[in-house]
Each structure stands twice: as C-alpha cells, then as structure tokens.
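Okay, so here's the structure we're looking at.
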Amino acid sequence: MSAAPHSIAQPPVEVLQAPSHSGGGEGHWRLFACLVLVVGLAMSLAGALLWHSSVRSHEKQTFQTTAVDVSATMETLLHRDTDFVATVRGVLTMQPRLNASGFDQWFTELEGHQRQVGGLGTLVVKAVPAGALASFEAQRRSDPAFRALMTGRLKAIVPNGRARYCLLSGGGVDTPYRPDIARLLQGDWCDQSSPIGGYPAAGTSQAQLMRSVADSGQFRVYAVNAQGDRSFFIEAAYYKRGAPLTSVAQRRAALIGWVSSSFDISALIHSAVGEHSGLAVTLAHRNPGGRTELLGQTASGASAGPFTRTDTLPIDGTWIVKVTGTGVLSGFSANLQGLLVGLFGALVSLLLFALVLVLTRSREHALGMVEEKTGQLRHQALHDALTGLPNRVLAHDRAEQMLARARRQQMPVAALYVDLDGFKHVNDTFGHAAGDELLRIVASRLSSVVREGDTAARLSGDEFVVLVEGSALDAGPELVAERLLEVLRLPYEMKVNGGVRQLSLTTSIGVASGLRENAEELLSDADIALYEAKAAGRNRYLVFESGMQRVAQDRLVLEMDLADALEHNQLFLLYQPTFDLQSESVIGVEALIRWRHPTRGVIPPIEFIPIAEDSGLIVPIGRWVLQEACHQAASWHTQGQRIGIAVNVSGRQLDNDTLIDDVRDALEASELDPGALTVEITETTLMRDADATAVRLGELKQLGIRIAIDDFGTGYSSLAYLRQFPVDALKIDRSFIGGIAASKESAALIHTLVQLGKALHIETLAEGIEDQAQLQTLQREHCDQGQGFLFSRPLAVDAIEEFLQSSDLSIQPLGAHQS
C-alpha cells in the first residue's frame with residue numbers, strides 16, 4: 001500500500017510550493033488524502049481475500065500432513081498387530097503339538113502383549129476329530145495353564161455325531177476369563193447353534209466365519225461390541241507344516257486349527273492420533289470376500305471439519321483409515337484472520353496520509369531489508385540446511401581458494417573425505433528423524449575439531465569433507481584423520497521413540513594431500529581413498545596413492561561390463577549336489593553363479609558379487625538366477641530326477657520389495673513345485689533388521705518354498721529371533737567342518753548346532769565336507785545333509801545329469817566328478 005502514495009507524492013509538493021495556488025493546493029491535498037484512503041481500502045480488501053485464501057490453503061496442507069502422519073502411524077501399528085498374529089500362527093505351524101502350558105510359556109517369554117498395540121488377548125482353537133475328542137479333553141483337564149485360563153471351571157463336550165469339533169486349546173491373556181465366558185469359550189466353536197456365534201458380524205455365525213478363514217488361508221477381521229467396549233479380532237487358520245495349500249481342498253485337509261487375537265480399537269486409534277487435536281478418525285476393514293466392516297471411530301464429540309482424507313492400507317487384507325479435520329493450528333480460522341487483515345489494512349489506510357512526508361525514509365529502510373534478505377539467501381544457497389555447514393558448492397569454491405593460496409605461498413593442503421559406516425542402517429531402523437539428528441551431531445563434532453581457518457562441509461547424505469591447510473598439517477594429514485576417527489567414534493546419545501539411546505558408529509576417511517590442478521581432482525582423489533578404506537574393512541583412514549586410481553578405474557570398467565553381462569548371456573550357473581548323509585544319496589543341488597567375461601575369462605563370484613551389491617545390479621542378476629535355476633529344476637523333474645534346488649539371496653534382494661514377485665514369477669513360469677525350491681539367506685543378513693526380515697520371510701514362506709540360513713554360526717542371531725523365522729534348514733558354515741575330526745572344540749560345536757536344529761525341528765546341512773573323517777563324524781552326530789568336494793565339485797548341467805543318471809552315487813575320490 002506504500003507504493004501507490006510514493007509514486008504520486010511529488011505533484012502535491014509542487015503545488016504547495018506555488019503561493020498562487022494555495023487554495024487549490026489544499027483541495028489537491030484533500031483529494032490526494034481521499035485517493036490514498038480509497039486505494040488503501042481497495043488494497044486492504046484484496047489483501048484480506050488473498051490472506052484468507054493463503055490461510056485456507058495452509059490449513060488444507062496442514063491437515064493433509066497431519067492426516068498422512070496419522071495414517072502412517074496407523075499402518076505401522078496395524079503391521080505390528082498383524083505381524084504378531086502371523087508370528088503366533090508360524091509358531092503353531094512349527095510346533096503343532098504345543099499345549100496350553102507351552103503356549104503360555106512362549107507367550108510370556110516373548111512378552112507377546114508388549115509386541116501389540118491395544119492387545120487384549122489371544123486364543124488358540126484346534127480342529128479335533130471325533131475319535132480324538134476324549135484324549136483331547138483329558139489333555140485339557142490335565143493342563144494347569146488351561147485350567148487357570150478357564151478359572152478352574154471345565155465343561156465337558158457332549159458328542160453330537162459330527163466328524164470334527166472346534167475346541168479351545170489355550171491362549172494368552174492378562175487375566176483369566178469370567179466363569180460364564182470361560183464355559184462359553186469351552187464349547188464347540190463350529191456348532192452353528194453355539195452362543196459363541198454372537199460375536200461376529202450380524203448374519204455370520206462363528207462356524208461360518210471359521211470355515212471361510214480356513215478355506216481362504218487369509219486373515220479375517222471383524223468387530224465386537226461387548227458391554228460398551230469396542231474391539232476387533234484378527235483370526236487366521238494354521239495348517240500342517242509343509243503341506244500344499246494351493247486349493248480349498250488342500251487347505252481343508254491340512255487344517256490344524258485357528259488363532260484369534262483381539263485388540264482394543266480405542267487404544268489403537270488413540271496411539272495413531274497421538275498429540276494431534278481436532279481430528280475425527282474412522283477405521284474400517286475390507287475382508288477378502290469384499291465386505292467392508294466398520295471397526296471403530298473417535299468419540300462423537302471429536303472435532304470434524306471441511307477436510308477429509310481416506311487411505312487404504314494393504315496389510316493382510318485392506319484397512320481403510322478416514323481422517324476428518326479443520327487443519328487449524330491456532331484459535332483463528334481463515335475467515336477471522338481475513339477479517340482481521342482487512343480491518344488492519346483499513347486502519348493503516350486512514351493513517352497513511354500522515355506518513356506521506358516520511359516515505360522517503362521508508363525507501364532507505366526497504367533497501368536495507370533487501371540487502372539483508374539477499375545476504376540470507378546467499379547464505380542459504382551456500383550452506384546445508386540441516387547442519388548449517390558449507391555445502392558442496394561452497395566447499396568446492398573454498399578448495400579452489402585453498403589450492404590457489406598453496407601455489408602462491410608453497411604451503412601444504414589436504415582434503416579428508418569422511419563417510420559414516422552403517423548410517424543407512426540407522427535410517428532404516430530408527431527413521432529419518434533419528435538420522436537427521438545423528439548428522440547434526442556429526443557436523444557439530446567436525447566443527448569442534450577443525451581450526452577457524454579450515455573448512456568442514458557436508459557434501460550429501462552422510463558424506464562430509466574437511467579441508468585443512470598450513471600449520472595444521474605440520475605433523476601430516478594422518479594426525480588430523482586419526483583425530484577425526486577418535487571424535488566420531490565416541491557414542492552418540494540419540495532420542496529414539498521418546499527415550500535416550502546410545503549408538504556407536506565408526507567412520508571411514510579418505511585423505512588426499514598436496515597440490516592438484518583443481519578442486520575437483522583433489523576431492524576425487526580423496527573419494528577414491530575413501531572407497532579403498534571401506535573396502536579394507538571400514539573404521540580406518542587411507543591416504544590416496546596413484547595405484548588407487550587404476551584400481552578404481554578397473555572396478556568401474558568391471559561394473560560397466562557387469563551391467564552388460566546379463567544382456568549378452570555371459571552369466572551361467574553351476575550346480576553342486578547335496579546329499580542325505582545317512583543314505584549318501586543325492587537329494588538336491590545348489591545353484592552357483594559364474595561370469596564368463598569375454599576378455600578376462602571366468603570370473604569367480606567373490607570378485608563381482610560385491611560390485612553387484614554396491615551398484616544394485618544384484619537385484620536383476622538375482623532375478624535371472626531364480627528364473628534359470630527354477631527352469632532347470634523343472635526340466636530335471638520332467639526327466640524323472642525329482643531333486644530340490646537351492647538359490648542364494650543377498651541382503652540387497654531381501655530389502656527389495658520385488659523379491660516376493662521375483663520368486664513367484666520364477667515358480668509360475670517354470671511350473672516348478674514350490675516345495676522343491678530353497679532360498680538361502682546368510683545369518684548376518686537376517687539379523688540386520690530381524691523384525692522386518694521375519695515379515696519378509698513369512699511372505700516368502702506363504703509361496704510354499706523352503707528357507708535355509710546360510711553360513712550359520714558365523715553371525716549373531718539369538719534363539720528368540722531364530723524361533724520366529726520360518727526356517728526349514730540351517731547350513732553349518734564350512735569353517736566349523738574343517739577341524740571337526742581333529743578338534744574336540746569343533747566337534748562339540750557341531751554337536752551343539754545339530755542338536756539345536758533337532759530341538760527346533762529344523763534340518764541341518766554341513767558345508768565343505770572334504771574327507772571321510774569329517775563325513776563319519778557328521779554321520780555319528782546325525783547331521784541330516786551335506787555337500788562338499790568329497791562328494792562333488794560344482795558341475796555344469798551336462799555333468800550333473802550324467803552324475804544323477806550314474807548307477808553308483810556313492811562317494812568317490814576328490815575331483816572324480818569335476819567337470
């Protein structure tokens with residue numbers, strides 16, 4: 001509003017300076033004042049409308065951000081609840097004979113009620129044939145955990161001529177059930193006339209619900225409103241381990257029972273909403289049959305508003321989260337704020353005519369503000385918004401200046417490229433907020449170490465650079481690097497999930513010192529040294545040497561060649577047989593990848609797999625291995641050689657969302673029986689994020705394949721986590737097999753690992769068997785399977801087929817089956 005009067009201020013001044021027009025000048029002044037008022041009011045009205053529109057847009061954006069946060073939190077909470085049900089189902093599948101006491105012990109040890117949000121309890125129902133009814137009731141009566149759950153009041157089941165009964169076998173709850181509910185739950189759940197049928201949605205009995213759950217093999221969700229408390233149940237069937245489940249008939253034949261967990265809807269919604277206010281949240285679920293059931297919503301007194309967002313969450317079915325609100329953070333709505341802006345503008349317009357004489361001073365003030373704002377924008381353009389350190393542009397410029405000074409003054413210079421080891425794992429495990437806090441702490445520590453004239457900058461992600469010159473390098477750049485490693489190795493106190501947690505991280509540093517043609521060359525050499533430091537084991541620094549450039553170029557060329565290897569059919573598979581150690585007969589093969597380079601010859605996987613992992617090429621390469629191995633196994637099955645096949649899956653593949661589709665597509669394209677495919681995952685990969693891994697393995701297991709832990713014994717898996725993974729086999733690492741015959745300690749360790757597998761009902765396979773003494777020791781320990789050069793080296797397809805068709809598959813001397 002100040003621009004208009006400033007542009008027309010000069011004519012009235014000229015009029016006042018002319019005595020002959022003093023009367024007319026006063027009229028012009030009044031006219032000018034009225035013009036200022038009219039223009040001011042018009043601009044005030046326009047400003048009020050624009051302000052109202054801007055505030056309403058901001059309210060909508062605020063609501064969308066809040067609604068996305070609520071939906072994302074709800075998705076995480078629902079994932080935890082469904083993951084818990086999947087975990088219970090997996091345990092019951094692995095241990096179908098688990099009684100009420102065993103289930104209660106497992107539930108207590110795992111602190112199952114803490115793994116859920118709003119968890120109220122879990123019940124286990126078994127399908128009992130009529131012939132086993134008496135023994136099942138006797139077992140329930142003799143089980144103290146079941147009697148405690150039922151408050152000691154046990155109800156006898158009266159046979160009614162049906163072939164099967166659905167009876168409660170145990171559960172995990174905070175307090176025993178009331179006597180009336182306990183007697184109700186002890187009845188036959190599959191009886192159409194049972195009062196238990198009052199729990200599901202109207203029009204569906206409990207018996208019908210349980211049959212649909214068993215036939216579909218999927219989760220079923222329904223709401224229950226008992227005595228004013230709204231809750232919902234997640235119910236799932238579990239089946240005989242290893243049984244085919246591709247059709248309704250197969251699922252009915254393999255059915256063992258059901259698991260049903262209940263959750264407090266109010267607690268779930270309250271946890272999702274958190275500290276947000278002014279929201280109305282509704283949660284519904286669309287079951288596999290297509291019916292959408294309202295599960296719960298916030299109290300009727302909760303605030304609603306003009307904005308609504310609905311999200312569908314595909315978590316073992318489809319969950320629907322609807323959030324309604326206003327998006328108003330303060331007590332002033334867009335209408336009120338627009339009115340206040342208009343009134344304020346009108347008031348200012350009335351006062352403007354008194355300020356016309358001092359408008360020239362406003363120009364100087366405006367120029368000062370422009371200069372200040374320009375400085376702020378310049379600083380933002382050259383500094384990292386998260387840490388406040390110089391960014392890549394400013395770091396590059398300061399490196400150029402540093403090199404220019406070094407050429408003039410003949411002083412030493414160095415660039416130290418700094419990268420955190422394991423930063424991605426912090427982000428994946430604790431979230432990006434924790435990762436950002438960690439980066440700020442690192443930036444603060446770097447700033448505290450460097451001198452005032454030196455530079456610490458953030459280049460990108462978790463990559464930093466420190467530029468040092470002059471006297472700081474009197475003792476060499478190595479001393480600076482050691483100081484940085486020492487400071488960054490100190491524990492980090494992080495705020496995680498509302499509490500304070502200490503994290504320990506290491507750092508890798510690449511150092512480049514001395515003059516270069518330009519800053520790009522200096523930073524590039526430091527980056528190459530950093531890569532070599534990481535390749536050498538991390539948690540160290542390395543100074544750039546000329547040979548590193550050649551190694552980096554060779555690696556880049558090899559990476560580019562690897563990108564073309566699939567397209568030009570340079571990759572191929574060898575197959576190493578796996579034997580049953582007791583009968584010494586072939587039961588399967590392991591697919592092993594090789595690369596036939598056009599100029600370098602056959603390159604072993606130890607050289608190109610790490611490059612594929614770092615570049616991400618391991619995902620398409622792993623997809624090709626799955627397809628090729630499944631097609632070859634299906635071909636052998638057609639020829640009458642019904643053996644299993646094992647394929648290694650890397651950590652990068654396990655983290656990728658396409659892995660499930662890749663396995664499914666390979667099985668469907670080859671028409672291979674899923675039970676013939678074993679996916680092998682290293683123990684270290686499994687434990688990087690055990691909870692997320694358990695979910696991914698559960699999805700793989702639902703395809704019907706087998707899962708094996710490779711290199712078992714070299715990692716750090718705990719027994720509690722091992723029991724949650726749907727694992728079929730443990731592959732004992734070859735490092736334990738080498739000394740088994742000569743070392744009592746190695747033999748004792750093998751005995752422990754084999755017994756662990758038997759206790760968990762998991763097969764054991766020994767890798768790297770090379771002599772008869774090792775074989776005989778493993779046979780005495782009753783290890784299930786084995787592979788190694790004593791049996792056969794990895795073989796090409798033709799050699800494997802000849803090997804399988806030979807009449808004598810007993811063990812031959814080393815190298816006898818080498819292709």
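Each residue of region 779-784 in order: what ³J(HN,Hα) in whole Hz does its phi give by Karplus 6.51 cos²θ - 1.76 cosθ + 1.60, θ = phi - 60°, with x for Gly and Pro?
Along region 779-784, the couplings run 5, 5, 7, 6, 5, 6 Hz.
Keeping the other protein chains in place, figure out the carbon and sulfur percent of the accessible area of region 530-658, with a 1.4 Å probe.
Working: 3100 of 6240 Å².
About 50 percent, which is the carbon plus sulfur part of the accessible surface.
Expressed in whole Å with the largest first, what are the equivalent ellipsoid semi-axes of region 575-676 derived from the C-alpha gyration tensor as the square root of 5 times each eigenvalue?
Over the Cα atoms of region 575-676, the semi-axes work out to 25, 18, 13 Å.
Can you list residues whose amide H is under 5 Å from ASN539's amide H, if they're 5+ apart or on another chain and H is modeled 1.01 Å from N?
Correct list: THR507, SER508.
Find out how many positive minus negative residues lie around ARG291, taking Lys and Arg as positive, Asp and Glu as negative, among other residues whose Cβ is under 15 Å from that of ARG291.
Numbers: positive: ARG220, ARG286; negative: GLU235, GLU293.
So the environment of ARG291 carries a net charge of 0.
If I ignore ligands, DNA and RNA and count only protein heavy atoms, how much of HIS276 is accessible to a 1.4 Å probe, in Å² to the nearest 10?
70 Å²
Largest first, what is the accessible-area ranking of GLU75, GLU671, GLU437, GLU680 with a 1.4 Å probe?
Sorted descending by solvent-accessible area, the residues read GLU671, GLU75, GLU437, GLU680.
DSSP loop (so not H, G, I, E, B), at most 14 other Cβ within 10 Å: list which trypsin sites (Lys or Arg not before Pro) in region 514-623 pass both filters.
ARG538, ARG600
Keeping every protein chain present and rolling a 1.4 Å probe, give me the accessible area per residue for region 212-262 in Å².
With all protein chains present, region 212-262 gives 41 Å² per residue.
For LEU795, enumerate residues with amide H under 5 Å from its amide H, sequence gap 5+ or separate chain, H modeled in the peptide plane.
For LEU795, whose amide H was placed from the backbone, the distant partners under 5 Å are TYR575, GLN576.
Find, among the GluC sites (Glu not before Pro) in region 741-790, those assigned to loop by DSSP (not H, G, I, E, B) with at most 16 other beta-carbon atoms within 10 angstrom.
GLU770
I'd like to check one number: the per residue accessible area of region 413-476, probe 1.4 Å, reported in Å² as a whole number.
Ligands and nucleic acids excluded, the figure is 37 Å² per residue.
Could you give me the ³J(HN,Hα) list for region 523-539, computed from phi with Karplus coefficients 6.51, -1.76, 1.60 and θ = phi - 60°, whole Hz, x at Gly and Pro?
5, 5, 5, 5, 5, 5, 5, 4, 4, 5, 5, 5, 5, 7, x, 6, 6
Using only protein heavy atoms and a 1.4 Å probe, report how much of CYS34 is accessible, in Å² to the nearest 10.
CYS34 has an accessible surface of roughly 80 Å² with all protein chains in place.
Please list, in order along region 403-411, the HN-Hα scalar couplings obtained from phi with the Karplus expression 6.51 cos²θ - 1.76 cosθ + 1.60 (θ = phi - 60°), rounded to whole Hz, x for Gly and Pro.
5, 5, 5, 5, 5, 6, 9, 6, 10
If you count only protein heavy atoms and use a 1.4 Å probe, how large is the accessible surface of ILE606, to the nearest 10 Å²?
Accessible area, nearest 10 Å²: 140 Å².
Quick one: ranking LEU765, LEU377, LEU154 by accessible area, 1.4 Å probe, largest first, what do you get?
LEU377, LEU154, LEU765
According to the Kirkwood expression over distinct Cα-Cα pairs, how big is the hydrodynamic radius of region 728-781, in Å?
Computed over Cα pairs of region 728-781, the Kirkwood hydrodynamic radius comes out at 11.0 Å.
Please give, to one decimal in nm, the separation of the simple spin-label points placed at ALA759 and ARG230, each 7 Å out from Cα toward the Cβ.
With each label point 7 Å from Cα toward Cβ, the separation is 4.6 nm.
Longer than 26 Å from Cα to Cα, which of LYS155/LYS758; LYS155/LYS701; LYS60/LYS322; LYS701/LYS758 are they? Say none if no pair is.
Flagged as over cut-off: LYS155/LYS758; LYS155/LYS701.
If DNA, RNA and ligands are ignored and the probe is 1.4 Å, what is the ranking of THR684, THR326 by accessible area, most exposed first?
THR684, THR326
The values are calculated or read from the model by the stated rules, or taken from the named source; none is laboratory data. Being a predicted model, the structure only gives us computed values, none of them experimental. Neighbour counts run over all protein chains shown; Cβ positions are idealised from the backbone, glycine included. Ligands, DNA and RNA are stripped out before the accessible areas are found, and what is left, the full protein with its side chains, is counted by its heavy atoms. Shrake-Rupley method; radii C 1.70, N 1.55, O 1.52, S 1.80 Å.
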